[in-house]
Each structure stands twice: as structure tokens, then as C-alpha cells.
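Below is one structure, written out as C-alpha cells; comments come after it.
The values are calculated or read from the model by the stated rules, or taken from the named source; none is laboratory data. Model, not experiment: these values are computed from the prediction. Ideal geometry is used to build each Cβ from the backbone, glycine not excepted, and the neighbour counts take in all protein chains shown.
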Amino acid sequence: MTTLELHGLRVRRGGRDVVHGIDLTVNEGEVTALLGANGAGKSSTVLGVAGLERDTAGSVTVDGTPIRGLAPNRVRRAGVATMQEGHRVFGDISVADNLRIAALLLPSPARSGAVEEVLALFPELETLADRPAGSLSGGQQQMLALATALAARPRFLVIDEMSLGLAPLVVARLVPALRQVAESGVGVLLIEQFTQVALELATRVTVLAQGLVTLEAPASELRAHPERLTAAYRLTA
Ligand SMILES: Nc1ncnc2c1ncn2[C@@H]1O[C@H](COP(=O)(O)OP(=O)(O)OP(=O)(O)O)[C@@H](O)[C@H]1O
């Protein structure tokens with residue numbers, strides 16, 4: 001099985017360690033949720049994995065190949081796509097062009113097929129294809145951000161706050177799409193403020209508190225015992 005593995009990952013920001021050597025495994029075809037209170041180190045972990053924060057130590061591997069310390073575009077080429085907090089689309093160009101640009105990472109014969117695949121996953125985007133991405137609603141832009149992350153057929157998708165600022169109806173639309181993405185074989189690492197959404201989608205859950213892992217458990221266990229999750233948020237080293 002292909003895995004994205006973090007071993008002893010440390011991330012330094014502003015001159016101090018904010019992630020203190022964590023271990024985490026994301027399996028292909030599964031959603032792994034990364035939860036924790038504000039400031040726990042979730043986004044810093046994502047930045048460290050994506051190569052967007054370079055002051056890191058420890059190891060990050062994709063199927064055994066080390067990727068820690070690589071520049072973001074090389075991490076992307078290694079098969080790890082990241083969707084960062086907030087909407088990251090090119091607002092001045094069309095929805096279709098956003099998708100075409102994202103697919104440029106693929107060899108040219110595969111590009112149009114990959115764009116068609118993501119449009120099949122999000123048919124709503126097809127009707128908006130010619131609109132400037134900046135004119136889309138927040139939820140539509142988040143859908144496009146997810147679609148662009150998928151357009152280059154990543155093996156792993158790291159999502160920092162899928163539903164931040166979105167209406168519940170929009171979140172309800174994104175949940176089955178993300179489930180379908182995982183079922184297609186992509187390994188998803190999901191940071192999600194709504195723990196209910198995270199527990200619904202995830203197979204496994206890792207909780208961070210103050211830059212350390214305080215709980216690792218199957219999502220099914222936490223669905224049955226949500227109090228374990230609350231306790232893990234509060235644990236300190
Ligand atoms: N640019 C920065 N420079 C220095 N320290 C930072 C920076 N951004 C965040 N931090 C610190 O890093 C620690 C972890 O923050 P991080 O944003 O990774 O947490 P988080 O779990 O993603 O929180 P949230 O849910 O609020 O986004 C916090 O103590 C925070 O103050």
C-alpha cells in the first residue's frame with residue numbers, strides 16, 4: 001500500500017519549534033483526520049509537508065521516497081497536492097483555465113482527460129467553466145480549489161480546513177465528493193474544524209496539542225466515544 005509517512009517531523013516557525021517531532025501515516029484510499037485546538041500545529045504540519053515551511057527536521061516520505069525539504073513544486077511532482085486554508089484560485093482567469101493550468105503538471109496527452117475527470121466529480125463547475133474564478137461564490141471557489149488540487153491526479157491530498165467559512169449546505173456537498181476522491185485511491189489528510197465532518201469521513205484520527213500527538217485512534221472509536229477527542233484536545237506535554 002502507498003503511504004505518506006511523517007516520522008519525527010519538526011517544524012520551526014518564528015525561531016521556535018511549533019511541531020515537536022510527530023509521527024503520522026496517511027494510507028492511500030483513506031481519509032486521515034488531523035484535529036486539534038487553535039494553535040495546536042495543524043497548519044504548520046501541512047506547511048512542513050508541502051515544502052512551504054522549510055525550517056523542518058525529521059522525515060516525510062511518499063512510498064518510501066524522502067520529500068522533506070523539497071521545494072513545493074517538487075513535493076507536488078512527488079504526488080502530494082495541498083489545499084491551503086482559504087481559497088486559492090486564480091480569480092482573473094476562467095474556471096476552465098484554472099483547471100487547465102493545474103493539469104499542466106501532467107504529461108500533455110493526459111491533461112484534458114484529467115480536467116474532464118474533475119468536472120465529472122463537480123458537474124457544477126462545468127456550467128461555470130467560462131466565468132472568471134473570482135466571480136464565483138465562496139463555496140464554488142472552494143470546490144474549484146479542490147478540483148484544481150485533483151486535476152494533476154495526486155496520490156495524496158492535504159487539505160487545511162475544507163469547510164472554513166462555508167455554509168452547511170456547501171459542506172454537505174463537498175463531503176461526498178471528498179469521499180469519492182478517497183475511494184478512487186487518493187490518500188487524504190484532512191484538517192477540519194467541524195469534528196463531526198472529520199469523523200464522518202475519516203478512517204483514522206490524529207489529534208495534536210501544542211505540537212505533539214496526543215491521540216491516535218480509529219474514527220469509529222471516536223464516533224462512539226467523542227469524550228476521548230475532547231480530552232485529547234486539552235492534553236499537554
Ligand atoms: N508565521 C508564524 N510565525 C511564527 N509562529 C507562528 C506562525 N504561524 C503560526 N505560528 C505559531 O505556531 C503554532 C502553531 O500554529 P498553527 O497555525 O500551525 O496551528 P493550527 O493548529 O493550524 O491552528 P488553527 O486551527 O488556529 O489554524 C502557534 O503557536 C502559532 O502561534
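General observations
- Tally, over the stretch 82-113, of residues that are closer than 18 Å to L178 by Cβ and either acidic (D, E) or modelled with pLDDT under 95 (or both): 9
- For S135, the test of being over 27 Å from T2 (Cβ atoms) and surrounded by 14 or more Cβ atoms within 10 Å (Cβ to Cβ) is failed.
- Residue check, A209 more than 16 Å from the ligand (Cβ to nearest atom) and not β-branched (V, I, T): no
- Given (1) within 16 Å of the ligand (Cβ to nearest atom); (2) assigned to a loop (DSSP other than H, G, I, E, B); (3) touching a Gly at 6+ places or on another chain (Cβ under 6 Å), number of the condition G185 does not satisfy: (1)
- If the condition is being over 15 Å from R10 (Cα atoms) and touching a Ser or Thr at 6+ places or on another chain (Cβ under 6 Å), then the stretch 47-65 contributes only D63.
- Note on the stretch 1-47: residues that are under 22 Å from L229 (Cα atoms), in a loop (DSSP other than H, G, I, E, B) and within 12 Å of the ligand (Cβ to nearest atom) total 6.
- Inspection of the stretch 54-75 finds a residue satisfying the criterion of being part of a loop (DSSP other than H, G, I, E, B), in the same structural domain as L174 (by TED's automatic domain parsing) and within 16 Å of the ligand (Cβ to nearest atom).
- If the condition is being in a loop (DSSP other than H, G, I, E, B), surrounded by 21 or more Cβ atoms within 10 Å (Cβ to Cβ) and within 16 Å of the ligand (Cβ to nearest atom), then the stretch 142-162 contributes only M162.
- Whichever residue in the stretch 211-237 is among the hydrophobic types (A, V, I, L, M, F, W, C) and part of a strand (DSSP E or B) and, among such residues, is nearest to R10 (Cα to Cα): L212
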